[in-house]
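Colleague: Below you will find the structure I want to go over with you.
The values are calculated or read from the model by the stated rules, or taken from the named source; none is laboratory data. This structure is a prediction, so every number in the text was calculated from the model and none was measured. Glycine also receives a Cβ, built like all others from the backbone with ideal geometry; neighbour counts cover every protein chain displayed.
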Amino acid sequence: MHILFATSLLPEREPATGFEIANRAIADAYRAAGARVTVAGFRRPGAALPDVAHVDLGEVAIENAGAGRARKVRWVLNAIRRGLPVGAAKLRVMPEATLLGRLRAAGPFDAVVLSAAQLPIAFPGLLTIAPPIFVAHNVEHLSAAEMGRSAGSAASRLLYRREAKLLRAAEERLCAAARVVHSLAAADAERLGLSGDPRSIPLSLGIGRGTAPADDGARQFDVVMIGTWSWAPNRLGLDWFAAEVAPRLSPGITVGVAGRFDGTPPQAPGNVSFLGRVPDAQAFVRSGRVVALSTRGGTGVQLKTIETLEEGMPAVATPSALRGIGAALPGNVRVASDGVSFARALEDLVTRERAGEVLRLDGRAFAERQRLDCKRGVRAGLALVGLGAEEASGPAVPAMEALAS
């Protein structure tokens, strides 16, 4: 079987964002199911072509990080002119007939996997190439509405309300048209109106970095955080940490924050260092004593949470950071929902680790469970469109959704 995997950006050899990591895990699950996968998407300016079968739709700059105010204004004006959400309008850089023609020339395809909403919103004709399978990485309209409630200006609130309205209608159309809908958290399926729908099959994800290297004992920071901070929901969690948690930590506890920003980092105490993008995400995470997972709201699954559990790292997490985690939490992970308890939990774990207590665990079993659950979910979806055989009666249902509600 031949699968077209359509996404906004082609994969890079070293994924830079959680979205890219998720795409790689899902595409690999289709390959493991016996599919020949052709990936289609645009490229970041200057990015190399991927080393997998692909259709290159050309270069396009769509990310907020590094974009100036003038470019962002043009994006908004173009979206208003086209009647599209901003994320989709950024991608509408060629006639739809041209895009569809290039994709059909790479076929025929037995199914088209629409990985995230933006590309099929920009080019709805993608739904006609082959039986569509929609992967909802987030519930986009809820994320937009949430950002609107926390926006600092009337103009931003108005823009986010527009985004939420358009995205809700578009997600309803995508879910209605898709033969299968994969969400990355069971709660997201409910939020998309798919509760009890047999076409709805949640997927578990894994990072898949392989066996973690042996702990060499070197520690650069007491607490580490990593993320794509240019994505508004992630930034919301970082701003909360800087305002509500960091000031409550002892001055001697060092915090390292890695990842790209859109604009300047938040104000934070002097023991917090903002490092930008780091060359080796795994090495950075392992350079800390404890991982802080400070997600506040949003939808979808947090890839940095999954990476932390796969690495066996001690962590403090908000309930929102645990969306889609279907296993019982390991003993070195604490859950805290307010700044006071979050800071206290970090202090406790850091103190114990400094004293020589071994807090890192073996995360291989968790990683393998995530990988197998993703494979089962993909195979179940393929069975619904008449491709392959369902490996099991269905994917595992996450058991921790109450924490994410």
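Colleague: Hey, can you tell me all the residues within the stretch 228-246 that are touching a Phe, Trp or Tyr at 6+ places or on another chain (Cβ under 6 Å) and under 9 Å from Ser294 (Cα atoms)?
Modeller: Leu238, the sole residue that qualifies.
Colleague: Output yes when any residue across the stretch 322-329 is closer than 24 Å to Ala243 by Cβ, under 23 Å from the mean Cα position of the chain (by Cα) and either at pLDDT 95 or above or crowded, with 23+ Cβ neighbours inside 10 Å (or both), and no when none is.
Modeller: First, pick out the residues of the stretch 322-329 that are closer than 24 Å to Ala243 by Cβ: 322-323.
Still in the running and under 23 Å from the mean Cα position of the chain (by Cα): 322-323.
Filter once more, keeping what is either at pLDDT 95 or above or crowded, with 23+ Cβ neighbours inside 10 Å (or both): 322-323.
For the stretch 322-329, residues closer than 24 Å to Ala243 by Cβ, under 23 Å from the mean Cα position of the chain (by Cα) and either at pLDDT 95 or above or crowded, with 23+ Cβ neighbours inside 10 Å (or both): present.
Colleague: Please work out which residue is surrounded by the fewest Cβ atoms within 10 Å (Cβ to Cβ), limiting yourself to the stretch 1-21 and to residues that are touching a helix residue (DSSP H, G or I) at 6+ places or on another chain (Cβ under 9 Å) and assigned to a strand (DSSP E or B).
Modeller: Filtering the stretch 1-21 for residues that are touching a helix residue (DSSP H, G or I) at 6+ places or on another chain (Cβ under 9 Å) and assigned to a strand (DSSP E or B), the one surrounded by the fewest Cβ atoms within 10 Å (Cβ to Cβ) comes out as Ser8.
Colleague: Do any helices (runs of 4 or more DSSP H) lying entirely in the stretch 275-385 carry at least 1 residues that are closer than 30 Å to Met1 by Cα and touching a residue at least 40 places away in the same chain (Cβ under 8 Å), and which ones are they? Don't jump to the end; show me each part of the working.
Modeller: Numbers: elements: 281-286, 303-311, 339-354, 364-384.
Once the helices (runs of 4 or more DSSP H) in the stretch 275-385 are filtered for at least 1 residues that are closer than 30 Å to Met1 by Cα and touching a residue at least 40 places away in the same chain (Cβ under 8 Å), what remains is 303-311, 364-384.
Colleague: Can you name every residue in the stretch 234-262 that is assigned to a loop (DSSP other than H, G, I, E, B) and either assigned by TED's automatic domain parsing to the domain that holds Glu140 or over 19 Å from the mean Cα position of the chain (by Cα) (or both)?
Modeller: Result: Leu249, Ser250, Pro251, Gly252, Ile253, Thr254.
Colleague: From the list Leu238, Leu205, Leu293, which residue is in contact with a helix residue (DSSP H, G or I) (Cβ under 6 Å, 6 or more places away or on another chain), under 23 Å from Val350 (Cα atoms) and of a type in the set (A, V, I, L, M, F, W, C)?
Modeller: Being in contact with a helix residue (DSSP H, G or I) (Cβ under 6 Å, 6 or more places away or on another chain), under 23 Å from Val350 (Cα atoms) and of a type in the set (A, V, I, L, M, F, W, C) holds for just one of Leu238, Leu205, Leu293, which is Leu293.
Colleague: Would you pick out the residues in the stretch 182-203 that are small (Gly, Ala, Ser), assigned to a loop (DSSP other than H, G, I, E, B) and modelled with pLDDT of 90 or more? Please lay out each step first, then the result.
Modeller: Here is the first cut: in the stretch 182-203, the ones small (Gly, Ala, Ser) are 183, 185-187, 189, 193, 195-196, 200.
Subset that is assigned to a loop (DSSP other than H, G, I, E, B): 185, 193, 195-196.
Residues satisfying the conditions are Gly193, Ser195, Gly196.
Colleague: Please give the number of the condition Arg161 fails out of (1) touching a helix residue (DSSP H, G or I) at 6+ places or on another chain (Cβ under 6 Å); (2) under 18 Å from Pro120 (Cα atoms); (3) part of a helix (DSSP H, G or I).
Modeller: (2)
Colleague: Would you mention how many residues in the stretch 330-349 are among the hydroxyl-bearing types (Ser, Thr, Tyr) and either buried (at least 18 other Cβ atoms within 10 Å of the Cβ) or under 29 Å from Arg371 (Cα atoms) (or both)?
Modeller: 1
Colleague: Next question. Report, by residue number, each residue of the stretch 206-223 that is modelled with pLDDT of 85 or more and either within 28 Å of Asp188 (Cα to Cα) or surrounded by fewer than 16 Cβ atoms within 10 Å (Cβ to Cβ) (or both).
Modeller: At the first step, the residues of the stretch 206-223 found to be modelled with pLDDT of 85 or more are 218-223.
Hits for the stretch 206-223 are Ala218, Gln220.
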